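Structure, as structure tokens:
The values are calculated or read from the model by the stated rules, or taken from the named source; none is laboratory data. Computed from a predicted structure; not experimentally measured. Cβ coordinates were reconstructed from backbone atoms using ideal geometry, including for glycine residues, and neighbour counts include every protein chain displayed. In case anyone asks, the SASA skips ligands and DNA or RNA and just uses the protein heavy atoms, side chains included. Shrake-Rupley method; radii C 1.70, N 1.55, O 1.52, S 1.80 Å.
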Amino acid sequence: MGRHREFDVEKALDAALCVFWRKGYEGATYSDLTEATGVERPALYSAFGNKEAFFRKALDRYQDRYLDYFPEAMNLPTAREAAARVFCAAIDLNTAFPENPGCLMVNSAQAGSDDAEPVRQALIDARATGEAMLRDRFMQARKDGDLPETSNPEALAAFVMAVLHGMAVQAKAGFSREALRAVAEQALSAFPPGKPAG
């Protein structure tokens, strides 16, 4: 029985991540993955499993490597600063790599087949984690008096996520950083006022 060629698993995962980021889960074929990684299909299957398992590994890597700004933003002094940091970092990420515009999670969440339902659910869960972080942060801000008592942390978190997702779609469509920053500024202008300084 022939031995599979040795390859750098980390580099292969990075290459696959870029394919999924650019094409989404459904758009990426195993041929795309073998071409990008330079690794034959049997060796990829052996290292990563089927396409869904491969995607889940790439999604984990994407979250670890590129979305660390999200939990960091939750530690900023005000809810508005947290939202602004998330918007700013997302704009930078969505436009940093011209060959991979937008967000891997949003790009992969577009229309999918019934076979892709487990992946769609994994993406929903991943986005829900971010929304829960925002909701908890905004609940704390309301408790601290940083947000008005009448504010709705759950709706505010959903609003921020909707803007983030919309900006990712716009980035994929070629919108510039400047255009996306204008969107973020408009969203922040609708943000509930914080308590006055002093």
Could you give the nm distance between label points at residue 190 and residue 64, where each point is 7 Å from its Cα heading toward the beta carbon? 3.6 nm
Residues of type aspartates and glutamates that residue 143 reaches as a straight line, Cα spacing below 15 Å, ignoring anything fewer than 8 places off in the same chain: 154
Using a 1.4 Å probe over the heavy atoms of the protein chains, calculate the carbon and sulfur portion of the accessible area of the chain as a whole percent. 52 percent
Straight-line reach from residue 23: which aspartates and glutamates have Cα under 13 Å away, leaving out those fewer than 8 places along the same chain? 32, 99
List the relative contact order of the chain as a percent without decimals, with contacts defined as Cα pairs under 8 Å and 6+ residues apart. 24 percent
Using only helices, what value at 222 nm comes out for the chain when you add -39,500 (n - 2.57) per DSSP H run of length 4 or more and divide by the total residues, to the nearest 500 deg cm²/dmol? -23000 deg cm²/dmol
Could you work out how much longer the chain between residue 114 and residue 52 gets when fully extended? Use 0.36 nm per residue separation minus the Cα distance between them, nm to one decimal. 21.0 nm
In debye to the nearest 20, the charge dipole size for the range 9-190, taken about the Cα centre with +1 at each Lys and Arg Cβ and -1 at each Asp and Glu Cβ, equals 160 debye
In Å², rounded to a whole number, the accessible area per residue of the chain with probe 1.4 Å is 53 Å²
